Amino acid sequence: MKRTIPLPGGDLEHAILLVLWELGEASAPDIHRRVGEPSGSVYTTTAKVLDRLHAKGLVSRARQGKAFLYKPTFTRKVVERARMRQALGRILRPDVGPAMATLVEAVESIDPELLDELARQVEARRRSRRGS
């Protein structure tokens, strides 16, 4: 059974995770300077979001003096894949046909070569399922 990955609940949670993935570990004041201050939020908001991320299991923390140092518990790749799966699950239901056509059009409009890459990825996935 696949392990369920907790997901960040909004833009601020995601922005904080981006900083932690970049830095490896950071204190709440360090994170607030990089995320909270530029967005105009107060320090307590940053601290509360870090508490939520910790409660979800997305970050770990270790006491260093009077403060905590926070670290991401999942790699960016793992969390971003889980976020994409969730988003695609919402988009592709209930009628997958029109949604898939729109997805293909969007991929092609971004970069026509991405459509070829998508086809290669699909074929590679099919081969791996067949065991070839």
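Placing pseudo-labels 7 Å out from each Cα toward the beta carbon at Thr102 and Leu114 gives an inter-label distance of 1.6 nm. Here the chain is treated with +1 on each Lys and Arg Cβ and -1 on each Asp and Glu Cβ, and its dipole about the Cα centre works out to around 960 debye.
Counting lysine pairs in the stretch 1-95 whose alpha carbons fall under 22 angstrom apart, excluding pairs fewer than 8 residues apart on the same chain, gives 7.
In the chain, the longest principal axis of the Cα atoms and the axis of helix 112-130 are about 80 degrees apart.
When the Cα convex hull of the stretch 11-72 is projected onto planes of every orientation, the mean area is 3.7 nm². Semi-axes of the equivalent ellipsoid of the chain are 36, 17, 14 Å, computed as sqrt(5λ) over the eigenvalues of the C-alpha gyration tensor in descending order.
Coordinate-derived values only; no laboratory data. The structure displayed is predicted, hence computed values, not measured ones. Here the Cβ is made from the backbone with ideal geometry for all residues, glycine too, and neighbour counts use every protein chain on show.
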